[in-house]
Amino acid sequence: MPPAEQERFTIGTVVARGMRLIATLVRWHPWAFLIASLGAALFVSAIVASAIVIGKVTDEVIIPVLDGGEPAENRVLLAVGAIVAVAVWKAVGIVVRRSGAAWLQFASRRDARHLLVDRQLRLELSWHEQRATGDLLSISEVDTQQGTFVLAPLPYATGALFLLVAALLLVGLTDPWLVVVVVVGLAAVVTIDLFGAVWMYGMFQQVQTLRGDVGEIAHESFDGALTVKALGREDVEVGRFRLVAEELRDRLTDVNVLWATFRAIVESLPSVITLVVLVIGAIRIGDGALSAGQLVSVAYLLTLMTLPMQLIGFLIWEMAFSRAAWDRVQAILEADDLVIHGTGIADDARTGGSVAGARVGFGYLPDAEVLAEVHLDIPPGKVVAVVGPTGSGKSTLALLLARLWDPSSGHIKIDDRDLRSFARSELAGEVSYVAQDPFLFDDTVLGNITLGAPLPEERIRHAATVAGVERFVHELPAGYATRIGERGTALSGGQRQRVALARALARRPRVMVLDDATSAVDPSVESEILRGLAEAELPSTVITVAYRPSSINLADEVVFVEAGTVVAQGSPADLIESVPGFARLMHAYEEDAAQRAREASA
C-alpha cells in the first residue's frame with residue numbers, strides 16, 4: 001500500500017508538477033525537442049503510410065497478378081519501390097527522433113548537474129553541514145538521471161498524439177457512435193494511468209529518498225574505510241548497508257508490482273474497446289448505417305491507436321516518477337542559503353592587508369556561541385600567531401577570517417573593507433586559507449598547486465621553495481608531474497600540508513590564514529617554513545593558529561584567545577609577562593615538546 005503522506009497528492013497537482021517539469025526542461029533545449037518531435041511525426045506518418053501502401057499493393061499488385069494473371073514486372077517494381085520508400089521514410093524518422101530525444105535528455109541532464117554543482121558551491125557551509133555527501137552525490141547522479149528520463153518518451157508520445165487525433169477524426173467521420181465508444185475507452189485508459197501515477201507518486205518519492213540513503217551509507221563507509229578496518233567493524237557496516245539496501249529493494253518491488261498491475265489492466269483495455277466497437281459496429285451494419293468495409297477500417301485504426309495509447313500512459317507514469325526525483329533536485333536549486341558577495345573590487349596594491357574585527361560573535365548552533373565580543377587589530381605585513389587552549393575558538397576565528405563562515409554579529413575587515421563587500425571573484429585573491437587537514441585532488445603535484453590557474457612558473461617555484469615542497473618533490477617518480485592519488489594518498493601528512501601551503505602562497509594573497517597548517521611536519525621544518533614566510537617579502541599578512549613554542553616565538557605578535565574571546569594581543573615576550581593564562585599554556589607546550597624530544601631520543 002502507498003504511504004499515508006501520498007493522500008495529499010491529487011491528479012491536478014501531480015499533472016501540474018509534471019507539466020511544469022517538462023516545460024522547464026524543454027525550454028532549456030527547444031530545438032532538440034522540435035527536432036525529436038519532427039522525427040516522431042515522420043515515424044508515425046510512415047506507419048500510416050505503410051498501411052496505405054500495403055493495402056494498395058494488395059489490391060493493385062498481389063490480387064491482379066495472382067488471380068487475374070496480369071504481368072508482374074512493372075507492378076512489382078512499383079510495389080518494391082513504394083515499400084522501400086516507406087521503409088526509408090520510417091528509418092529517417094527513427095534516426096531523427098532518437099537522436100533529438102537523446103540530445104534533449106542528455107543535454108538537460110548535463111545542464112541539471114552543472115546547475116546543481118554551481119548552486120552547491122555558492123551555498124553557505126552551514127547548509128553543507130546539514131547534508132550528507134552521499135545523498136548529495138545521489139541527487140547529482142541518480143535524481144538528475146531519473147528527473148530527466150521523462151524526456152525519453154516525450155517526443156515519441158507527442159508524435160503518437162498526432163496519430164491518435166488523426167485516427168479519432170477518421171473514426172468520427174466513419175460513424176459518430178463508434179467514435180463515442182473509442183473516446184470513452186481512451187478516457188478510461190488515461191484516467192487509470194493518471195490514478196495509478198498519482199497513487200504511486202509518494203512511493204516514487206520514497207524510492208528516491210532511499211536511493212540517497214544508500215549512497216549516503218556507502219560513501220560514509222568508503223570514506224571511513226581506515227577506521228572501519230582498524231576497529232574491525234566491517235560486518236557492522238555491511239549490516240548497516242544491507243538494511244537500507246533491502247528496504248530500497250522492497251520499495252522498488254512494491255513499485256514494480258503495482259506498476260505491472262496497472263499496465264496489465266491498461267494494456268488489456270484496447271482489446272476490450274475493439275470488441276465493443278465490433279459489437280456496436282455489427283448492430284450499425286444491421287441498421288444499414290455502416291458497411292462491413294468501414295467497420296474493418298475502424299478496427300484497423302484501433303490497432304494503430306494501441307501504440308499511442310500506451311505511449312501516453314508511459315509518459316504519464318514517467319512524468320510522475322521524474323517529478324518525484326526532480327523534487328530533490330529542485331530543493332537544492334531553490335536553496336536560499338547563499339553566500340552573498342558584494343561588488344567591490346580590490347585595488348591593485350599587492351601589500352599585506354590590515355585585519356580588524358569588532359564585536360565579532362559566532363555560533364554553529366542557536367544559543368551556543370563559540371566566539372563573543374571578539375576584537376582584533378592586526379597590522380599589515382606581520383606574522384601573527386593565534387594561540388589558546390583547546391576549544392577556545394581559534395579554528396572558528398580562522399574560518400571567519402577567511403570568510404568561510406560569516407559572523408552572526410559584528411564584522412571583520414581588510415583595510416577597512418568588510419569581507420562581505422568583496423566580489424566573489426576577488427575574495428579568493430585577497431584571502432587564502434590552509435586547513436590542518438588540507439584537501440588534495442587526484443592530480444599531479446603541479447596541478448594541486450595551480451588548480452588550473454595560469455600562474456607563472458617562477459611564482460610556483462618560489463611558493464614551493466618557501467612551503468618546503470622543493471625538499472621532497474624531486475624524490476617523487478615524476479617530480480611535479482607525479483600524480484598523488486585521491487586526497488593525496490601518495491604523500492605523507494606533512495607533504496600534503498606543504499603542497500596546500502604552496503597552493504596558497506602561489507596566489508600571493510594579501511592575507512594568509514593558516515589553521516595549524518604545519519602541524520604534521522617536523523618542528524625544525526615548521527620553523528624553517530615560518531621563518532621563510534616572514535623573510536620572503538610576500539605581499540601577505542600571515543595569521544597562523546599555532547601550538548608549538550618555536551612557531552609562536554617566531555611570530556611578530558600573538559593573539560591570545562580564551563573562552564571564545566580575545567584576551568590579549570602583543571609580542572610573545574610581553575604576553576608571557578602580562579597574561580598568566582598565556583604563560584601557563586606556553587609552559588605546558590614547552591613541557592610537552594621536551595617530553596616528545598626525550599621519547600624520540602630514548
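The values are calculated or read from the model by the stated rules, or taken from the named source; none is laboratory data. If you're wondering where the values come from, they're calculated on a predicted model, not measured in any experiment. Neighbour counts run over all protein chains shown; Cβ positions are idealised from the backbone, glycine included.
In this structure, does Thr191 turn out to be more than 29 Å from Arg242 (Cβ to Cβ), out of contact with any Cys (no Cβ under 8 Å at 6 or more places or on another chain), among the hydroxyl-bearing types (Ser, Thr, Tyr) and modelled with pLDDT under 80?
Details: more than 29 Å from Arg242 (Cβ to Cβ): yes; out of contact with any Cys (no Cβ under 8 Å at 6 or more places or on another chain): yes; among the hydroxyl-bearing types (Ser, Thr, Tyr): yes; modelled with pLDDT under 80: no.
Judged against the criteria, Thr191 is not a match.
If I go through region 266-286 residue by residue, how many of them are touching a helix residue (DSSP H, G or I) at 6+ places or on another chain (Cβ under 7 Å) and free of Cβ contacts under 8 Å to residues at least 40 places away in the same chain?
3
When you look at Ala546, is it at pLDDT 90 or above, under 39 Å from the mean Cα position of the chain (by Cα) and of a type outside the set (D, E, K, R), yes or no?
On the way: at pLDDT 90 or above: no; under 39 Å from the mean Cα position of the chain (by Cα): yes; of a type outside the set (D, E, K, R): yes.
Against the criterion (at pLDDT 90 or above, under 39 Å from the mean Cα position of the chain (by Cα) and of a type outside the set (D, E, K, R)), Ala546 does not qualify.
May I ask you to say which residue of Ser524, Ser519 is assigned to a loop (DSSP other than H, G, I, E, B), touching a helix residue (DSSP H, G or I) at 6+ places or on another chain (Cβ under 9 Å) and of a type outside the set (Val, Ile, Thr)? If you could, list the steps in order and put the result at the bottom.
On the way: Ser524 fails: assigned to a loop (DSSP other than H, G, I, E, B).
Exactly one residue qualifies, and that residue is Ser519.
Test Val179 against the criterion of being touching a helix residue (DSSP H, G or I) at 6+ places or on another chain (Cβ under 6 Å) and free of Cβ contacts under 8 Å to residues at least 12 places away in the same chain, and give yes or no.
Working: touching a helix residue (DSSP H, G or I) at 6+ places or on another chain (Cβ under 6 Å): yes; free of Cβ contacts under 8 Å to residues at least 12 places away in the same chain: yes.
Considered against the rule, which asks whether it is touching a helix residue (DSSP H, G or I) at 6+ places or on another chain (Cβ under 6 Å) and free of Cβ contacts under 8 Å to residues at least 12 places away in the same chain, Val179 comes out as yes.
Of all helices (runs of 4 or more DSSP H) completely enclosed by region 110-229, which ones contain at least 1 residues that are aliphatic (A, V, I, L, M) and farther than 30 Å from Leu365 by Cα? Give the steps one after another, and end with the answer.
Values: elements: 125-129, 133-138, 144-147, 154-174, 176-199, 201-223.
Because the criterion is at least 1 residues that are aliphatic (A, V, I, L, M) and farther than 30 Å from Leu365 by Cα, the helices (runs of 4 or more DSSP H) in region 110-229 that meet it are 154-174, 176-199, 201-223.
I'm trying to understand the selection: among the residues of region 539-548, which are surrounded by fewer than 22 Cβ atoms within 10 Å (Cβ to Cβ) and either within 15 Å of Ala463 (Cα to Cα) or of a type in the set (A, V, I, L, M, F, W, C) (or both)? Reasoning before the result, please.
Going residue by residue through region 539-548, those that are surrounded by fewer than 22 Cβ atoms within 10 Å (Cβ to Cβ) are 539, 547-548.
Listed by number, the list holds a single entry, Pro539.
For region 475-491, check the following and say yes or no: at least one residue is within 31 Å of the chain's Cα centre (by Cα), under 25 Å from Tyr547 (Cα atoms) and modelled with pLDDT of 90 or more.
For region 475-491, residues within 31 Å of the chain's Cα centre (by Cα), under 25 Å from Tyr547 (Cα atoms) and modelled with pLDDT of 90 or more: absent.
Quick one: which of Arg548, Arg508, Arg503, Arg531 is touching a Lys or Arg at 6+ places or on another chain (Cβ under 7 Å) and not hydroxyl-bearing (Ser, Thr, Tyr)?
Details: Arg548 fails: touching a Lys or Arg at 6+ places or on another chain (Cβ under 7 Å); Arg503 fails: touching a Lys or Arg at 6+ places or on another chain (Cβ under 7 Å); Arg531 fails: touching a Lys or Arg at 6+ places or on another chain (Cβ under 7 Å).
The match here is Arg508.
Any residue in region 416-424 that is loosely packed, with under 15 Cβ neighbours inside 10 Å, at pLDDT below 85, in the same structural domain as Lys394 (by TED's automatic domain parsing) and under 29 Å from the mean Cα position of the chain (by Cα)?
Yes, region 416-424 contains a residue that is loosely packed, with under 15 Cβ neighbours inside 10 Å, at pLDDT below 85, in the same structural domain as Lys394 (by TED's automatic domain parsing) and under 29 Å from the mean Cα position of the chain (by Cα).
For region 191-234, how many residues are of a type in the set (D, E, K, R) and within 30 Å of Gln310 (Cα to Cα)? So that I can check it myself, show each step before the final result.
Filtering region 191-234 for residues of a type in the set (D, E, K, R) gives 193, 211, 213, 216, 220, 223, 229, 233-234.
Next, from what is left, pick out any that are within 30 Å of Gln310 (Cα to Cα): 193, 211.
Counting residues in region 191-234 that are of a type in the set (D, E, K, R) and within 30 Å of Gln310 (Cα to Cα) gives 2.
Please count how many residues of region 286-335 are at pLDDT 85 or above, in a helix (DSSP H, G or I) and loosely packed, with under 15 Cβ neighbours inside 10 Å.
Matching residues across region 286-335 total 2.
Which one is nearest to the chain's Cα centre (by Cα) among residues in region 234-264 that are within 16 Å of Trp317 (Cβ to Cβ) and surrounded by fewer than 14 Cβ atoms within 10 Å (Cβ to Cβ)?
My answer is Asn256.
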